[in-house]
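So the structure is just underneath, and the comments pick up after that.
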Amino acid sequence: DNISAGDFEKLSVLGHGNGGTVYKVRHKLTSIIYALKINHYDSDPTTRRRALTEVNILRRATDCTNVVKYHGSFEKPTGDVCILMEYMDSGSLETALKTTGTFSESKLSTVARDILNGLTYLHARNIAHRDIKPSNILVNIKNEVKIADFGVSKFMGRTLEACNSYVGTCAYMSPERFDPEVYGGNYNGFSADIWSLGLTLFELYVGYFPFLQSGQRPDWASLMCAICFSDPPSLPETASSEFRNFVECCLKKESGERWSAAQLLTHPFLCKDMES
Ligand code: ADP
Ligand code: MG
């Protein structure tokens with residue numbers, strides 16, 4: 001991948017995040033549209049480390065249909081690390097929720113299957129995503145759903161990882177991330193992804209973050225208390241028993257009881273033949 005910043009023309013901003021900005025760009029020579037994530041150089045070495053981890057993981061996952069496709073990377077003279085990816089023209093599930101409203105069960109069943117395909121692939125290669133949430137799941141015009149944003153992902157070692165490192169978006173963190181002694185029976189980072197998936201599907205169905213009542217302002221301390229001390233949220237009665245059970249399997253407080261990504265792929269919620 002012999003590419004540099006001069007090969008691309010910036011068209012628009014697709015998103016801002018922690019350490020950078022994602023642009024819609026056009027490759028001047030071929031006119032192909034891509035997304036370019038520019039991680040701005042700063043003196044804090046963690047920004048750069050995260051960008052390089054993301055490159056490392058994306059380039060190992062190019063044959064997974066449910067991970068956003070990597071097309072190369074380069075470093076600008078300024079030290080900015082730039083990652084070239086396929087452009088996902090329908091944006092993230094967070095924007096979809098804001099613009100078109102809550103998702104139907106049948107839509108969520110295909111979304112869940114696609115995310116689980118991606119997670120099964122990653123977990124089998126010892127990669128924990130660690131930041132699964134609506135804004136990190138992208139969709140394209142072909143209705144393909146892909147996992148993106150590997151900035152805080154991690155290759156999990158054979159030994160148990162210390163899990164008191166605060167990464168990811170706190171709200172979607174699982175109980176064992178806060179209190180490993182109580183909920184971390186066999187903490188491995190993979191089951192934390194499943195917890196976040198459960199919360200993500202829940203939010204897309206009801207339209208608000210599960211631990212907060214609709215419209216309530218997020219208050220970090222009470223949110224953490226709710227995650228650790230209250231029962232896991234359960235879906236409203238309007239949801240089918242298959243869907244309710246699926247979310248229960250994701251939101252077991254004890255990490256060891258949560259289903260794995262591969263197990264969840266066999267859950268009746270995904271296999272059920274649903275009309276519309
Ligand atoms: P951050 O680490 O800043 O959260 P992300 O990789 O999650 O970076 O990108 C931020 C936002 O930019 C996403 O939520 C999404 O809206 C948009 N985005 C990122 N990558 C793409 C892409 N390949 N195609 C379209 N939009 C994207
Ligand atoms: Mg993100």
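What to note about this one:
- Selection from N18, L93, F246, by position along the positive dipole direction of the chain (Cβ): N18
- Counting charges near Y183 (Lys, Arg +1; Asp, Glu -1) among other residues having Cβ under 14 Å from its Cβ returns a value of -2.
- For the stretch 1-81, the Cβ-based charge dipole about the Cα centre amounts to some 160 debye (Lys, Arg positive; Asp, Glu negative; other atoms uncharged).
- Charged neighbours of R258, selected by a Cβ distance under 14 Å, balance to -2 (K, R count +1; D, E count -1).
- Per the Debye formula on identical point scatterers at the alpha carbon atoms of the chain, with no solvent, log10 I(q)/I(0) at q = 0.10, 0.11, 0.14 Å⁻¹ is -0.52, -0.63, -1.02.
- Axis of helix 190-206 versus longest Cα principal axis of the chain: the two differ by about 80°, to the nearest ten degrees.
- Per-peptide packing, taken as the mean over residues of other Cβ atoms within 10 Å, places 72-78, 200-206 in the sequence 200-206, 72-78 from highest down.
- Net charge dipole, the stretch 82-163: roughly 220 debye, given to the nearest 20, about the Cα centre with Cβ charges of +1 for Lys and Arg and -1 for Asp and Glu.
- Positive-end extreme of charge dipole, the chain - chosen from F74, L235, I147 (charges on Cβ): F74
- Check: the chain dipole with +1 on Lys, Arg Cβ and -1 on Asp, Glu Cβ, in debye: 640 debye
- Net charge contributed by nearby residues that have their C-beta within less than 10 Å of D131 (K/R +1, D/E -1): 0
- Full extension of the chain segment joining D7 with R59 gains 16.7 nm, where the gain is 0.36 nm per residue of separation less the Cα-Cα distance.
- Theoretical ellipticity at 222 nm over the chain - DSSP helices of four or more residues, -39500 (n - 2.57) apiece, nearest 500: -10000 deg cm²/dmol
- Between helix 241-250 and the chain: long-axis angle, C-alpha atoms, 0 to 90°, nearest 10: 70 degrees
Bear in mind that the values in this text are calculations on the coordinates, not laboratory data. Bear in mind that the values here come from a model prediction, so they are computed numbers and not experimental data. In this analysis, Cβ positions are derived from the backbone assuming ideal geometry, glycine residues included, and neighbour counts consider all displayed protein chains.
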